[in-house]
Amino acid sequence: MSKKEKLEIEVEVPSKKIHVEHVFCPKGHQLCDPARKIHGYPAIKLRARHKEQDGIIYLDPIYGSFDHIEEGLDLKEGDLVDFFCPECRVSLKSPEETCKLCSSPMFILYLPKGGIIEGCTKKGCYFHRMKIVDAEEQISRLFENDTLESYL
Ligand SMILES: [Zn+2]
Ligand SMILES: [Zn+2]
């Protein structure tokens, strides 16, 4: 991305009102897996590693809800997890952000139209947030006409 000025806003999303349907790794692989559902929606499938454990974690696609499924891992509260794209294995660790609650690394997922979701990599820490990083035009549209739903 160029160094030109970009707008960045954080959206306060009402918990459990919306779910994400299109979530991507930095290389563009769709991470929502229709084969596994949580609360009736395709779960977000991530490769997860903790020490010698290597498995899959399905995240709840409902924003603000934290039910998830672990496969091949046995994690305890407080364990730190590295997340990777299950397709290309690119790391999903945020290069900059750390958790505001516990200072752990954050993972980052990409939404269509320039939005991102960041979440804490520590099991049991329920910190995540959504950011829309985008052109001014889209931001004003977001507030005027579009519902937030159209960005997910
Ligand atoms: Zn990928
Ligand atoms: Zn945290």
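Quick note: the coordinates plus some simple rules give every number you see, no bench work behind them. Keep in mind that this is a model prediction, so the values were computed, not measured. All Cβ positions, even for glycine, are placed from backbone atoms using ideal geometry, and neighbour counts span all protein chains on display.
In terms of other Cβ atoms within 10 Å, 79, 67, 60 run from fewest to most in the order 67, 79, 60. Once the chain from residue 24 to residue 53 is taken as fully extended at 0.36 nm per residue, the excess over their C-alpha distance is 8.1 nm. For residue 100 and residue 36, the FRET efficiency from 1/(1 + (r/R0)^6), where r spans their Cβ atoms and R0 equals 35 Å, is about 0.75.
What pairs from 27/51; 100/131; 51/93; 37/93; 51/131; 27/123 go past 20 Å between their alpha carbons? Result: 27/51; 37/93; 51/131; 27/123 exceed 20 Å. Taking amide H atoms as placed 1.01 Å from N in the peptide plane, the amide H of residue 104 lies under 5 Å from those of 99, each 5 or more residues away in sequence or on another chain.
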